[in-house]
Amino acid sequence: MKVAGNPVRSLPRAVRPDVPATKNLWFSRSRGLVGSASTTCRSIHSETRTTLAIPCARATWNGRVSSASQVRSQLGHARSHHHQVAAVETELEPIPPISNSSTYDIVIIGGSNAGLALACALLAQPTLSKTTRILLLEGSSLDKTRSWSGKGDWENRVSSLTAENVGWLESIGVWKHIEESRSCAVEEMVIWANPSPSSTPTIHFPPLGHPMARMTENMNLQRALLRRIEEIGSGIVDIRESSRVGEMRLGEGGRWVGLRVGEEWIRGSLVVGADGPNSPVRKFSNIESYGHAYSTHAVVATLFHPPSPLYPNSTAFQRFLPTGPLAFLPLNEEASTMVWSTLPPHAAALKRLSMEALTAMVNAGFTLPESTLTTLTDRMIAADDAGKGTPLMFEEIIDHIATSPTSVAGEADSEQAILPPMVTSIHGPSVAGFPLRLSHAEEYLGDRTALVGDAAHTIHPLAGQGLNQGLADVRSLAETLETARSLGGDLGTKTSLAPYPRERYPLNHLILSTTDKLHYIFRARNGPINWLRGTGLDIINEIGPLKKILMGGAGAGPSATSSSALSANGVRGRGRSEKDREFGMSHAQDPLTPSAGNMGTLADGVEGWFVLKGVAKMAGGVLGELTKNGLRRAADALERK
């Protein structure tokens, strides 16, 4: 062996650890980090390229012994400054011959929501399902998913599935496997802020005539996807559980990818990374991601409450607080799930409360004025003292609320948002927390690789779009691959795959950036921002067509692939009633068929433009009315004084 100085950017994409990996790997292509659960350090040299095999336990870096975390930190520094590093060279052993039984057209890495959904989406394609061999690799066992009974305690990992995605899941035969009793329709949505007791700007999204979303446990969805694969995928989709990839290399001429799983090599024309936010496939592909961590953690829990005597529990509530949004999402008549996004010390203190005290804090989060809630939160954090103190007791919370102002004199008659049911208890094991981060890969395609779901992007949960974006990704990728196969194209080339990022990247970026801006706008608390935010919410709440545009963009409209979207003559399309069609030139009963492709999208955009023009005219009138009403209220207040 010899030591050679090479810039980090010259590191190659593959290594071969000495022992099969038992933990997640970092794959290096030209600037990535590579490691395994090996306790020894071995470096590999392949022709003119050099790399370091960095084990998880210990590693040598520039002659010093460091932990893996220190190596990763130093690697990030090297990326920024492109300084030279020393690497020990040795030769890569050639990939052994790979049998036909271990050769696949598509290899999916990751057996969670995105990976299982992609397998189902591929099986739904007429050409791919007859001509393609698919392998799904999952690092853990899927037995828990298979054996999920749909009974017992609620899972704390619950997602909002939009009407559009529910329709798509129906069309590919997945939804029939959903446990309906564990999927709750969301018919309405109430969003509000409360920067002062006299100001409660609110948006109420009323019923659309169909559920705008369904709250569904992730385990429920995953079991349905797995059952669909097992139902129709025999001989097409192979699933290998408890299988981790120890090495990835581009094959001869870049025409395939070799993957070492244990001691066996597998060959794939295309490798799809559905392997989460720390995607090894993304690292192997040398695809950078950008974004930032929020100074926010999300606390989740299952809430119990009595059924309402007035209306069913089918309304989603979200209150925007200075520290982040607090969401109340229905599960059934007597249970809901909570997502409270807040500052890390606040989140940590909430998780350490007794269930009785946490119940009181959740009710306070939805009902107290911001000023009172802030003093209560500060007291809770001080008592917790980063886990070294004594968590605030239930009696102390109740006493604080009883002795604090809940309204301002003369303003007790101010409008109040519709509130969720009063919580009576919380399921202790369901309480959990996790940090929030925004990230977006710079591209979705590498050399014979593609990224979907969290491997490509992560988002703040305030809009409930994370899982929905992933499902839209796999749907688009499956359709792209179907087109390539039907035309006789190579499934792994960037030319064949180009329509996928062309469709999904701008849409995902729009959702990510919009959600990111909303997070900061709703957290801000100052006079001008409060006025603009409140006025904006009031304007949106007064304009029905604008609310429909917003809900349609969030997937609340039914999918053109759902059974409910069939027109009277059996043609699949989006028929509309006169009530639905508030703007536009076409007859309401005419279906807008999706067969027009991009031109259909363009037509939708043109009609949307007419809607937007109408909304803009209406917005001016509404703003004027709001201004006049505000002046009237001010005059009335002066008269009372």
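Answer yes or no as to whether residue 354 is under 26 Å from residue 188 (Cβ atoms), modelled with pLDDT of 90 or more and small (Gly, Ala, Ser). Let's see the steps before the verdict.
Working: under 26 Å from residue 188 (Cβ atoms): no; modelled with pLDDT of 90 or more: yes; small (Gly, Ala, Ser): yes.
Spelling it out, it is not the case that residue 354 is under 26 Å from residue 188 (Cβ atoms), modelled with pLDDT of 90 or more and small (Gly, Ala, Ser).
Just checking, does segment 295-311 include any residue being among the hydroxyl-bearing types (Ser, Thr, Tyr), in contact with a Lys or Arg (Cβ under 8 Å, 6 or more places away or on another chain), open to solvent by less than 60 Å² (accessible area, probe 1.4 Å) and not in a helix (DSSP H, G or I)?
Keep residues of segment 295-311 that are among the hydroxyl-bearing types (Ser, Thr, Tyr), which gives 295-296, 302, 308, 311.
Narrowing further to those that are in contact with a Lys or Arg (Cβ under 8 Å, 6 or more places away or on another chain): none.
Within segment 295-311, not a single residue is among the hydroxyl-bearing types (Ser, Thr, Tyr), in contact with a Lys or Arg (Cβ under 8 Å, 6 or more places away or on another chain), open to solvent by less than 60 Å² (accessible area, probe 1.4 Å) and not in a helix (DSSP H, G or I).
For residue 445, indicate whether it is touching a Lys or Arg at 6+ places or on another chain (Cβ under 6 Å) and under 25 Å from residue 285 (Cα atoms).
For residue 445, the condition - touching a Lys or Arg at 6+ places or on another chain (Cβ under 6 Å) and under 25 Å from residue 285 (Cα atoms) - is met.
Residues being within 14 Å of residue 349 (Cα to Cα), hydroxyl-bearing (Ser, Thr, Tyr) and open to solvent by 80 Å² or more (accessible area, probe 1.4 Å): count how many of those fall in segment 370-407.
Number of matching residues: 1.
Within segment 437-470, which residues are farther than 18 Å from residue 491 by Cα and assigned to a loop (DSSP other than H, G, I, E, B)? Steps first, please.
If we filter segment 437-470 for residues that are farther than 18 Å from residue 491 by Cα, which is where we start, we get 437-442, 453-470.
Within segment 437-470, 442, 456, 459, 460, 464, 465 qualify.
Taking residue 258, is it modelled with pLDDT under 95 and either surrounded by fewer than 24 Cβ atoms within 10 Å (Cβ to Cβ) or assigned to a strand (DSSP E or B) (or both)? Walk me through how you get there before you give the answer.
Numbers: modelled with pLDDT under 95: no; either surrounded by fewer than 24 Cβ atoms within 10 Å (Cβ to Cβ) or assigned to a strand (DSSP E or B) (or both): yes.
So residue 258 fails the test.
Return the only residue of 147, 181, 141, 171 being open to solvent by 50 Å² or more (accessible area, probe 1.4 Å), out of contact with any helix residue (DSSP H, G or I) (no Cβ under 6 Å at 6 or more places or on another chain) and without any contact (Cβ under 8 Å) to a residue 60 or more places away in the chain. Step through it out loud before you land on a result.
Values: 181 fails: without any contact (Cβ under 8 Å) to a residue 60 or more places away in the chain; 141 fails: without any contact (Cβ under 8 Å) to a residue 60 or more places away in the chain; 171 fails: without any contact (Cβ under 8 Å) to a residue 60 or more places away in the chain.
Criteria check complete, one pass: 147.
Name, by its number, the condition in (1) buried (at least 22 other Cβ atoms within 10 Å of the Cβ); (2) within 21 Å of the chain's Cα centre (by Cα) that does not hold for residue 156.
Condition not satisfied by residue 156: (1).
The values are calculated or read from the model by the stated rules, or taken from the named source; none is laboratory data. Small disclaimer: the values here were computed from a predicted structure and weren't measured. Glycine gets a Cβ as well: all are built from the backbone with ideal geometry, and neighbour counts include every protein chain shown. Ligands, DNA and RNA are stripped out before the accessible areas are found, and what is left, the full protein with its side chains, is counted by its heavy atoms. Shrake-Rupley method; radii C 1.70, N 1.55, O 1.52, S 1.80 Å.
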